[in-house]
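The values are calculated or read from the model by the stated rules, or taken from the named source; none is laboratory data. Remember, predicted model here, so these are calculated numbers, not experimental data. When we count neighbours, we look across all protein chains shown, and the Cβ atoms used for this are built from the backbone with ideal geometry, even at glycine.
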Amino acid sequence: MTDSEAATAGVMSRAIVRSGPSGSMVAGAWAIAVEAPVAITINDTPWTVMLATPADLEDLAIGLAITERVVSHATAIADVRISEALGEYTVQLSADSALVDTNALRARSLLGNTACGLCGIETLAALHSRHTERHITEPVDDEAIRRAAGTLAAHQPLNATTRSVHAAAWCTMQGDIVLAREDVGRHNALDKLVGAVRRSGTPVTPGFVLMSSRCSYELVYKAIALDAQLLATVSAPTTMALQWAEQLGLPLVSTMGRGDVLEIIRFPESGERGNMSHAQEPVMHHV
């Protein structure tokens, strides 16, 4: 799906009335981001129902299956069928049964929403069991982060129209954006990105994830599915995000714009603590 097709699929026009500074009222139209129910089945087994933007749904379903550890590779999915009826979408995944983790499949049989990253986790033990420690092989410098952040808007056609969706981008170590996906839900956007990258068929070279949202827990473990060298978001992480980033060895960075200045804020408690002298304080760089 091209950027223009994705933007069209995720937009619905609605009538509005604008009120100007003088109090004048002007009728017009506004592009609204679509938030629709999306049901995903795997081998005819109902798996999850979530709310998402109905664009790049194949990427969403495959990416979610990977980040939730139902399958480990996109090649485990043999076929994807998407249908729509009365504004509700169904994505049917056909997978090699030998490559499906049935425990993970059962664990997320639920209704989720665009803000829920823990829906379907039945116990805290299950929450902890999904993580695998990893190691950063290459550091990402500030210039690469600044370069990616400066070009992210060009990869957000849906947000350019609606001003209400999140973006997730896969970036090279030099800060070039390779792929980006959008959704009303931040974790949906990242699942779509994981699906798109893993379905591309090309080896995933070292890179990092850039998000237009805040940094929450679920983004940390989903970024691990791409073996990201760093996770950059536009606002600071939550305590749980920091906790898991530290345990998994994933560096976290916030890119906060203040006027014409982009501040790069690194959190030493995440995967970069070995590079910092004061492990409890964020380190700020003005670029």
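Exactly one residue among Leu210, Leu231, Leu252, Leu262 is farther than 13 Å from Ala149 by Cα and surrounded by 15 or more Cβ atoms within 10 Å (Cβ to Cβ), and that residue is Leu252.
Remark: pairs (first residue in segment 134-159, not assigned by TED's automatic domain parsing to the domain that holds Thr53; second residue surrounded by fewer than 13 Cβ atoms within 10 Å (Cβ to Cβ) and at pLDDT below 95; Cβ separation under 7 Å; 6+ apart in sequence or on different chains) = Pro157/Ser4. Only residues that are closer than 22 Å to Met12 by Cβ, part of a loop (DSSP other than H, G, I, E, B) and of a type outside the set (A, V, I, L, M) were counted in segment 135-171, giving 3.
Residues in segment 234-251 that are part of a loop (DSSP other than H, G, I, E, B) and among the hydroxyl-bearing types (Ser, Thr, Tyr): 2 in all. A search for C-beta distances below 6 Å between a residue of segment 28-54 that is within 12 Å of Glu88 (Cβ to Cβ) and in contact (Cβ under 8 Å) with a residue 24 or more places away in the chain and any residue that is of a type in the set (Ser, Thr, Tyr) and in a loop (DSSP other than H, G, I, E, B), counting only pairs 6+ apart in sequence or on different chains, returns Val34/Thr53; Leu51/Thr114. Does Leu242 satisfy being surrounded by 22 or more Cβ atoms within 10 Å (Cβ to Cβ), in the same structural domain as Cys171 (by TED's automatic domain parsing) and either in contact with a Phe, Trp or Tyr (Cβ under 8 Å, 6 or more places away or on another chain) or closer than 21 Å to Ile264 by Cβ (or both)? Judged against the criteria, Leu242 is not a match. Considered as a group, the residues in segment 172-207 that are in a loop (DSSP other than H, G, I, E, B), without any contact (Cβ under 8 Å) to a residue 60 or more places away in the chain and small (Gly, Ala, Ser) include one that is surrounded by the fewest Cβ atoms within 10 Å (Cβ to Cβ), and that residue is Gly201.
Summed over segment 36-83, the residues that are crowded, with 17+ Cβ neighbours inside 10 Å and assigned to a loop (DSSP other than H, G, I, E, B) give a count of 8.
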